[in-house]
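First up is the structure itself, then whatever we jot down about it.
The values are calculated or read from the model by the stated rules, or taken from the named source; none is laboratory data. Note that this is a predicted model, so its numbers are computed, not measured. Using ideal geometry, Cβ is built from the backbone for each residue, glycine included, and neighbour counts are taken over all protein chains shown.
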Amino acid sequence: MNHPQVVSAQDWRAAREALLVKEKEHTRALDALAAERRRMPMVRIGGDGEEGDGGGYVFEGPDGPASLVDLFDGRRQLIVYSFMWLGGDTFCSGCSMFTDNIGHLSHLHARDTSLVLVSRGPLAEITPFRERMGWTIPWFSSLGNDFNDDMDAGDGFALNVFLRDGDAVYRTYSTAGRGVERLGSGWTFLDLTPFGRQETWEDSPEGRQQTQPYAWWRLHDEYDRHEV
């Protein structure tokens, strides 16, 4: 096996410091991208002239039929990952790896953000697989509606972000392919949303609610009930 070159501690530290300069540049570039993302326009689901139907999509969930508004679970922001459904006993390893890497949802909930999975498959097949994997993320069936097609997932996978204003739902962001590979922590998901992490250091449009960094962080079982 071709290992990295062995050098002295002094040379290793010099190489590390040189790389750190580039890493910090990369971090600042990601922050700038997130700031630009927070300033993206949004499009109303269901059309500009329709009243709060969220596109009229009907999903099947564990508690019965659910609308797109229902998927927010009362929160302002919603992240939907369209999990590729291959049917039967064949499961997408890439979507499964992505789901395995999703952090505890209470941290997103504390920032008024929900995250759910959606698949174009029957709930009767989805539920046993979800239980097998030990996942607790809410998972809905989009079988029978056009959500996957309309949100650029089709028979594959994609991630979409939505903002709710009353019963009106707006699409604010979408990504697929390698765009989902770096995601998983609550911070990376919040960076995709129009409100962001909601911390004072962020470059956000005027009027967006912000609090001091770190001040809102809790152990996942210590958030107030209204935050989760």
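Can you confirm whether the range 38-47 contains a residue that is under 30 Å from M133 (Cα atoms) and either part of a helix (DSSP H, G or I) or within 16 Å of the chain's Cα centre (by Cα) (or both)? Reasoning before the result, please.
Residues of the range 38-47 under 30 Å from M133 (Cα atoms): none.
No, the conditions are met nowhere in the range 38-47.
Confirm whether W201 is of a type in the set (F, W, Y) and free of Cβ contacts under 8 Å to residues at least 24 places away in the same chain. Even if it seems obvious, please write down each step before you answer.
On the way: of a type in the set (F, W, Y): yes; free of Cβ contacts under 8 Å to residues at least 24 places away in the same chain: yes.
Yes: the conditions hold for W201.
Would you mind stating whether V58 is among the β-branched types (V, I, T), modelled with pLDDT of 95 or more, out of contact with any Pro (no Cβ under 9 Å at 6 or more places or on another chain) and within 30 Å of G166 (Cα to Cα)? So that I can check it myself, show each step before the final result.
Numbers: among the β-branched types (V, I, T): yes; modelled with pLDDT of 95 or more: yes; out of contact with any Pro (no Cβ under 9 Å at 6 or more places or on another chain): no; within 30 Å of G166 (Cα to Cα): yes.
Judged against the criteria, V58 is not a match.
Could you look through the range 53-66, keep only residues that are in contact with a strand residue (DSSP E or B) (Cβ under 9 Å, 6 or more places away or on another chain) and within 23 Å of F129 (Cα to Cα), and pick out the one that is surrounded by the most Cβ atoms within 10 Å (Cβ to Cβ)?
F59
Of all residues in the range 131-165, how many are at pLDDT 95 or above, of a type in the set (D, E, K, R) and assigned to a loop (DSSP other than H, G, I, E, B)?
Of the residues in that region, 2 qualify.
If you take the residues in the range 69-87 that are closer than 20 Å to G156 by Cβ and in contact with a Gly (Cβ under 7 Å, 6 or more places away or on another chain), which one is surrounded by the fewest Cβ atoms within 10 Å (Cβ to Cβ)?
G87
Checking F189 against (1) aromatic (F, W, Y); (2) touching a helix residue (DSSP H, G or I) at 6+ places or on another chain (Cβ under 8 Å); (3) outside any helix (DSSP H, G or I), which test does it fail?
Unmet condition: (3).
Given the conditions (1) among the hydroxyl-bearing types (S, T, Y); (2) loosely packed, with under 10 Cβ neighbours inside 10 Å; (3) at pLDDT 95 or above, which single one is not true for T90?
T90 satisfies all of (1) among the hydroxyl-bearing types (S, T, Y); (2) loosely packed, with under 10 Cβ neighbours inside 10 Å; (3) at pLDDT 95 or above except (3).
Considering (1) under 14 Å from the mean Cα position of the chain (by Cα); (2) surrounded by fewer than 18 Cβ atoms within 10 Å (Cβ to Cβ); (3) not in a loop (DSSP other than H, G, I, E, B), say which one V21 fails and leave the rest.
(1)
Hey, F140 hits all of (1) of a type outside the set (A, V, I, L, M); (2) under 30 Å from E222 (Cβ atoms); (3) without any contact (Cβ under 8 Å) to a residue 60 or more places away in the chain but one; which does it fall short on?
(3)
Please verify whether the range 166-185 includes one or more residues that are at pLDDT 95 or above, hydrophobic (A, V, I, L, M, F, W, C) and more than 25 Å from D100 (Cα to Cα).
Looking for residues that are at pLDDT 95 or above, hydrophobic (A, V, I, L, M, F, W, C) and more than 25 Å from D100 (Cα to Cα), one finds at least one in the range 166-185, hence yes.
Test S119 against the criterion of being touching a residue at least 12 places away in the same chain (Cβ under 8 Å), in contact with a helix residue (DSSP H, G or I) (Cβ under 7 Å, 6 or more places away or on another chain) and over 25 Å from L190 (Cβ atoms), and give yes or no.
Details: touching a residue at least 12 places away in the same chain (Cβ under 8 Å): yes; in contact with a helix residue (DSSP H, G or I) (Cβ under 7 Å, 6 or more places away or on another chain): yes; over 25 Å from L190 (Cβ atoms): no.
The answer is no for S119.
Can you tell me which residue within the range 3-17, out of those that are among the aliphatic types (A, V, I, L, M) and surrounded by 10 or more Cβ atoms within 10 Å (Cβ to Cβ), is nearest to the chain's Cα centre (by Cα)? Step through it out loud before you land on a result.
From the range 3-17, those among the aliphatic types (A, V, I, L, M) are 6-7, 9, 14-15; that's our starting set.
Now restrict to residues that are surrounded by 10 or more Cβ atoms within 10 Å (Cβ to Cβ): 7, 14-15.
On the way: V7: 41, A14: 37, A15: 35 Å.
Selected residue: A15.
Could you please find all residues in the range 112-137 being in contact with a Ser or Thr (Cβ under 8 Å, 6 or more places away or on another chain), buried (at least 17 other Cβ atoms within 10 Å of the Cβ) and not hydrophobic (A, V, I, L, M, F, W, C)?
Residues satisfying the conditions are T113, S119, R120, G121.
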